[in-house]
Amino acid sequence: MPGITIGTSEVRERLAHVLNEVAYGGQRYIVERRGKPLAAIIPAGEYEALLEMLADAGVRGEIHGIAVRIRFDGDHYFISDDQFDLYGKGLTLEAARRDYWLAVQDYRADLEADADRLAPYLADRLTRLRTLLTAEATDGEGNPTWAR
């Protein structure tokens, strides 16, 4: 069940009723302003279960072709990968993506600095990073696109 869409004005007027429907009836609400979703109101037990799933299993995703796992512990988002052993952390998903992407760029810079003396597995990583970090990884103005 995706939820009932409700405007901000209506939710303000009917907050007690909405909360009772959510808490005791298992209803879900999507709160919108000017037709754009702002928030979701869901039962507390469902919220806790979602946090537990995100913390334990995480969600698989991709950032510039790098397979990542996204987790949330209730306070912070964590993004990690199995390919380069890098991670990012942030209070928001976007902040964690930025932090992860900065870690990728720093790692590449470190590998580039020693490119002629790298062990074979590190040389392979550098080759992979060079492939991933091409002009297509920006929006045309040089700004990184955090996820594809």
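Read-outs: derived from the displayed coordinates by stated rules, not from any lab. Everything numeric in this text was worked out from a predicted model, so none of it was measured. We place every Cβ from the backbone using ideal geometry, glycine too, and count neighbours over all the protein chains shown.
Points worth noting:
- Across the range 58-137, Cα pairs under 8 Å and at least six residues apart give a relative contact order of 18 percent.
- For Val68, nonlocal amide neighbours, meaning residues 5 or more places apart or on other chains whose placed amide H falls under 5 Å from its own, are Gly61, Glu62, Ile63.
- Rounded to the nearest whole Hz, the Karplus-based 3J(HN,Hα) values (6.51 cos²θ - 1.76 cosθ + 1.60, θ = phi - 60°) of the range 78-88 follow the sequence 10, 10, 9, 9, 9, 7, 10, 6, 10, 8, x, with x at glycine and proline.
- Residues with amide H under 5 Å from that of Arg28, placed H, sequence gap 5 or more: Ile4
- Using just its DSSP H runs of length 4 or more, each adding -39500 (n - 2.57), the chain gives a mean residue ellipticity at 222 nm of -13500 deg cm²/dmol after division by all residues.
- Charge tally around Tyr87: other residues with Cβ under 9 Å, Lys/Arg +1 each, Asp/Glu -1 each, net -2.
- Measuring max minus min along each principal axis, the C-alpha atoms of the range 58-137 give extents of 43, 25, 18 Å (largest first).
- Stokes-Einstein D for the chain, Kirkwood Rh over Cα pairs, 20 °C, 1.002 mPa s (µm²/s): 118 µm²/s
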